[in-house]
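Colleague: Mind having a look at this structure? Questions to follow.
The values are calculated or read from the model by the stated rules, or taken from the named source; none is laboratory data. As the structure is a prediction and not an experimental result, all values here were calculated from the model. In this analysis, Cβ positions are derived from the backbone assuming ideal geometry, glycine residues included, and neighbour counts consider all displayed protein chains.
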Amino acid sequence: MVEVICDTSFLMILASKNVKNISNLDTEIGAIEFTVPDMVISELERLSKDANLKKKLPLLMH
């Protein structure tokens, strides 16, 4: 099994794009397991409360 550690930027891009079949993703060396550290969860929670970021977010995702 391959462990992929997800950072904040990766998760924000992943959430903003239409990614198909990510749960079926396999590699030549095994299945992939996504891990999200507690620090990333905390950062995402903080960002979700940032009113200024919410205004800018649609512009940043293009």
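Colleague: Scan the range 54-62 and tell me whether some residue there is part of a helix (DSSP H, G or I), modelled with pLDDT of 80 or more and not aromatic (F, W, Y).
Modeller: For the range 54-62, residues part of a helix (DSSP H, G or I), modelled with pLDDT of 80 or more and not aromatic (F, W, Y): absent.
Colleague: When the range 19-49 is examined, which residues are found to be of a type in the set (A, V, I, L, M), surrounded by 10 or more Cβ atoms within 10 Å (Cβ to Cβ) and in contact (Cβ under 8 Å) with a residue 12 or more places away in the chain?
Modeller: Once the filter is applied, which keeps residues that are of a type in the set (A, V, I, L, M), surrounded by 10 or more Cβ atoms within 10 Å (Cβ to Cβ) and in contact (Cβ under 8 Å) with a residue 12 or more places away in the chain, the range 19-49 yields A31, I32, V36, V40, L44, L47.
Conditions tested, residue by residue: (1) among the aromatic types (F, W, Y); (2) at pLDDT 80 or above; (3) at negative phi.
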residue	(1), (2), (3)
L11	no, yes, yes
E28	no, no, yes
F34	yes, yes, yes
E43	no, yes, yes
